[in-house]
Amino acid sequence: METKIRIALQKKGRLNEDSMKLFKEAGIKFNVGSGKLVASSPGFPIEVLFLRDDDIPQTVANGVADIGIVGENEMYEKGYDVNVSRKLGFGKCRLSLAIPKAQEYFDLNFFDGKKIATSYPNILKNFFNEQGIKADIHEIAGSVEIAPGIGLAEAIFDIVSSGSTLVANRLKEVEVAMQSEAVLIAKKNMESEKQALLDEIIFRFNAVQTANSNKYVLLNAPNDKVDDIVRILPGMKSPTVLPLADKNWSSIHTVIKEKEFWDVIGKLKDYGAEGILIIPIEKMIL
Ligand code: PRT
Ligand code: ZN
């Protein structure tokens, strides 16, 4: 029988959509029926288990799934021994300490002897141990941000992304303990056939992510400015220069990181570049 790799993905929530999109862009589609907890793929030997994110680290650590996608926060909190195959660049957030807005704050000593509500007691315990702080950590499952307001705690330790939840609850972020993003995790001691499938998935993820951060750029330039323009273009290799029907003009094609493009666009215009086209790249293999 053909070897299949089994992956644990979040059933619903913040990581579900981006995880599904990444696989789709990597050419791996899942036959997901509504409410189904297991799915397969028509074109790739993979099987998906849809779980709560809290259960994903354990499911991978004990080998019920071979790989999984989960936030680093959840992985470190649960503390299971798994390999991190790749950071995925989505689900970014931070784990922070926050206190009532009106409180004065100077440094971490603020938390000595204080009662702090969190769903991440292990990460907080480690952070305080490293920093030499002794606090009373109170674990609650959700709605951590309301704990100070109802007198359950004097501070909280929770996930922050935009910070608007803190503001809405009259709290202020005073310390960041860790940054987190979604990661692809794998069980230890993977069988070699499954490792080959994991390598193929990582190869495809790399191609998707390289493509997404690069753009194909085409522009027209007067011939006497081509050398200047080629010099400032931060492309992969030397760009392609093609003659145009108008003998005094050329077309320049190259691949540029989107971020870098915005740095040079002004200079390109100064050199007389015209008709600048920026085109998304579907896949890119380096
Ligand atoms: O049902 P299940 O257990 O699977 O889902 P869940 O409710 O436990 O998790 P979910 O879907 O909320 O989050 C999954 C993962 O997304 C987390 O473990 C993080 O790795 C990541 N992530 C990224 C976030 C956020 N950003 C985030 N903002 N997880 C939660 N939040 C919460 C945060 O706690 C805050 O209360 O969203 C609220 C809004 O944040 P602000 O700062 O933008 O206001
Ligand atoms: Zn959860």
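Over segment 214-280, average the accessible area per residue using a 1.4 Å probe and give it in Å², no decimals. Working shown, then result.
Values: 4170 Å² over 67 residues.
Dividing the accessible area of segment 214-280 by its residue count gives 62 Å².
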**OP:** Pop out the ³J(HN,Hα) list for segment 60-68 in order, Karplus 6.51 cos²θ - 1.76 cosθ + 1.60 with θ = phi - 60°, rounded to Hz; leave Gly and Pro as x.
**Re:** 7, 4, 8, x, 5, 10, 7, 9, x
Subject >> Whole-Hz ³J(HN,Hα) from phi, Karplus 6.51 cos²θ - 1.76 cosθ + 1.60, for segment 269-286, glycine and proline x >> reply: 5, 4, 7, x, 5, 9, x, 6, 10, 10, 10, x, 9, 6, 9, 9, 10, 8
**OP:** For segment 200-205, just list the computed ³J(HN,Hα) in residue order, Karplus coefficients 6.51, -1.76 and 1.60, θ = phi - 60°, integers in Hz, with x standing in for Gly and Pro.
**Re:** 5, 5, 5, 4, 5, 4
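Please list the equivalent ellipsoid semi-axes of the chain, computed as the square roots of five times the alpha-carbon gyration tensor eigenvalues, in descending order and whole angstrom. Kindly include the intermediate steps, with their values, before the conclusion.
Values: eigenvalues 392, 179, 46 Å².
Gyration-tensor ellipsoid for the chain: 44, 30, 15 Å.
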Original post:
For labels at Ser238 and Glu258 in the simple 7 Å Cα→Cβ model, what's the distance in nm?
Top reply: 3.0
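Which of rounded, prolate, oblate describes segment 164-213, given a ≥ b ≥ c as roots of the alpha-carbon gyration tensor eigenvalues and a/c under 1.5 marking rounded, otherwise prolate only if a/b is larger than b/c? Numbers along the way, then the final one.
Numbers: a/c = 4.61, a/b = 2.23, b/c = 2.06.
Prolate.
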Subject >> Filtered trypsin sites (Lys or Arg not before Pro), segment 155-195: DSSP coil and at most 11 other beta carbons within 10 Å >> reply: Lys188
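Quote the FRET efficiency, to the nearest 0.05, computed for Ser162 versus Arg231 with a Förster distance R0 of 45 Å and r equal to the Cβ-Cβ distance. All intermediate terms of the calculation are to be shown ahead of the outcome.
Working: r = 41 Å, r/R0 = 0.90.
With a Förster radius of 45 Å, E is 0.65.
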Subject >> Long-range amide H partners of Ile5 with built H, under 5 Å >> reply: Ile46, Glu47
Original post:
What part of the accessible area of segment 144-286, given as a whole %, is carbon or sulfur when the probe is 1.4 angstrom?
Top reply: 52
Original post:
In segment 44-193, how many lysine pairs have Cα atoms under 20 Å apart, counting only pairs 8 or more places apart or on different chains?
Top reply: 18
Original post:
Among rounded, prolate and oblate, which fits segment 93-179 when a ≥ b ≥ c are the square roots of the eigenvalues of its C-alpha gyration tensor, a/c under 1.5 means rounded, and a/b larger than b/c means prolate?
Top reply: rounded
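Take every Cα pair under 8 Å in the chain that's 6+ residues apart, average their separations, divide by the length, and report that relative contact order as a whole percent.
Details: 532 pairs, mean separation 54.1, N = 286.
RCO, the chain: 19 percent.
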**OP:** Name the long-range amide H neighbours of Tyr271: under 5 Å, sequence gap of 5 or more, or other chain; modelled H, no Pro or chain starts.
**Re:** none
**OP:** Can you check what the net charge comes to around Pro42, using other residues whose Cβ is under 14 Å from the Cβ of Pro42 (Lys, Arg +1; Asp, Glu -1)?
**Re:** +1
Subject >> C-alpha long axis of helix 16-25 to longest principal axis of the chain, angle in ° >> reply: 30
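The values are calculated or read from the model by the stated rules, or taken from the named source; none is laboratory data. For clarity, every value in this text was computed on a predicted model and none was experimentally measured. So basically every Cβ, Gly included, is an ideal-geometry build from the backbone, and we count neighbours across all protein chains shown. What goes into the accessible areas is simple: the full protein's heavy atoms, side chains included, and nothing from ligands, DNA or RNA. Shrake-Rupley method; radii C 1.70, N 1.55, O 1.52, S 1.80 Å.
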